[in-house]
Amino acid sequence: MRVREKIVRQGRVLPLAIVGVGAIAILAVWVGSALAALPSQSAFNRAGNVLIADQFNNRVTEVAQNGRIVWHFGTGSSVAGAHAVVAPNDAQRIPGGRTLIAATGAPAGAPGYPAGGAADSRVLIVNRAGAIVWRYGQAGVSGSGPGQLDTPVQATYVPSGNILITDQANARVIMVTPGKKIVWQYGQTGVTGTGANQLNNPNSAELLANGHILIADEGNNRVIEVTRAKKIVWSYGSASGSELNAPAFASRLRNGHTLISDGGNNRVVEVTAKKLVVWTYVTNTRAGSVTDPAPSQAVRTREGTTLISDQFNNQVIEVATDGTIVWSYGQIAVAGNQWGQLNAPYGAKVIGDYTGLTPPMP
């Protein structure tokens, strides 16, 4: 297990309303922390860093193991643009040091946005310099026509160079080529349901080693494994069942089990092929937790720990098998955009470890 420094304490905003020598000392600590937050290109794309989709801060950040921010994309603006990403839900480092981002957009009622929300509806590939080098979807325009998306919540880069996109509000998962052609789709565009080739509010899609696609079908309270011929060959949960409640993410582990972020139940579960729950981590029983943190993404590292985006607890935590938190970023139940703070982080992955292909493939 990696030994990493916890940074929650370091990220705290220190008070300045103190007089005398003590104030100078505290100010020195604060300035040192601020300088440590400046991007460091030398640490960019280093294995073990954590890439975080910091949803309501409208940014993606790469954080070193000691908590230093070494790269980021997004100006913080809630208007989609060439350098601005609105409410990203997912990010993944791909070959060439590029970053694949699901620029989801914020729903109506999201804090800090206009009452009607703020659209983005793009999937982006961004280079190290922060330039968009590939895009599918139109900035701030949601739709289902050619080259359009509506609330893309997750994207996975596959070995062929194609990109698997979970296009949530269009009730579909699509495979798009670099030339922006749709070559595979599961779900009928704009049609929600539980029938054949139907989804309801899908939230993630991952490519499995056998070529099948694993989908977290959030609105149907299920996770399904489908073949390229669109046949369901494995599932857990159902629209009428109680096994899951709004599963936000699912991935297949090396042991054949499936790891699921069961957001509506505020937990992460590991389920066997025979549908037995063999591991559970509940996030709302932690000291200081909000009532419904709705963990949105959980990935298993090669070391056996689990990296969890504990969304409304405003933290990313790394948990050992015994439930011990071995690393964290963000202040529990405190939203912010200063160093050491997050605002509803939706996804996080360890660079050089989790690639989006499950099990992780070279």
Only one of 101, 132 is buried (at least 24 other Cβ atoms within 10 Å of the Cβ) and in contact with a strand residue (DSSP E or B) (Cβ under 7 Å, 6 or more places away or on another chain). Can you tell me which?
101
Selected residue [among the hydroxyl-bearing types (Ser, Thr, Tyr) and closer than 23 Å to residue 192 by Cα] from 78, 42, 144:
144
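Can you name the residue in segment 319-349 that is aromatic (Phe, Trp, Tyr) and either under 17 Å from the mean Cα position of the chain (by Cα) or in a strand (DSSP E or B) (or both) and, of all such residues, is nearest to residue 55 (Cα to Cα)?
Among those that are aromatic (Phe, Trp, Tyr) and either under 17 Å from the mean Cα position of the chain (by Cα) or in a strand (DSSP E or B) (or both), it is 346.
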Would it be correct to say that residue 294 is at pLDDT 95 or above and surrounded by fewer than 22 Cβ atoms within 10 Å (Cβ to Cβ)?
no
What are the residues in segment 40-55 that are at pLDDT below 90 and exposed (fewer than 14 other Cβ atoms within 10 Å of the Cβ), if any?
41, 42
So the check is Cβ under 6 Å with 6+ separation or different chains; which pairs have a first residue in segment 219-241 that's assigned to a loop (DSSP other than H, G, I, E, B) and a second one that's crowded, with 21+ Cβ neighbours inside 10 Å?
221/237; 221/244; 230/186; 238/222; 239/220; 239/221
Given (1) assigned to a loop (DSSP other than H, G, I, E, B); (2) under 25 Å from residue 69 (Cβ atoms); (3) in contact with a helix residue (DSSP H, G or I) (Cβ under 8 Å, 6 or more places away or on another chain), where does residue 244 come up short, assuming only one miss?
(2)
Residue by residue through segment 192-233, note down the ones that are over 24 Å from the mean Cα position of the chain (by Cα), closer than 19 Å to residue 252 by Cα and surrounded by 15 or more Cβ atoms within 10 Å (Cβ to Cβ).
232
Restricting to segment 205-215, name every residue that is in contact (Cβ under 8 Å) with a residue 60 or more places away in the chain and in a strand (DSSP E or B).
206, 207, 208, 214
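The values are calculated or read from the model by the stated rules, or taken from the named source; none is laboratory data. Just so you know, these numbers come straight off a predicted model, no measurement behind them. Note that we place each Cβ from the backbone using ideal geometry, even for glycine, and neighbour counts take in every protein chain shown.
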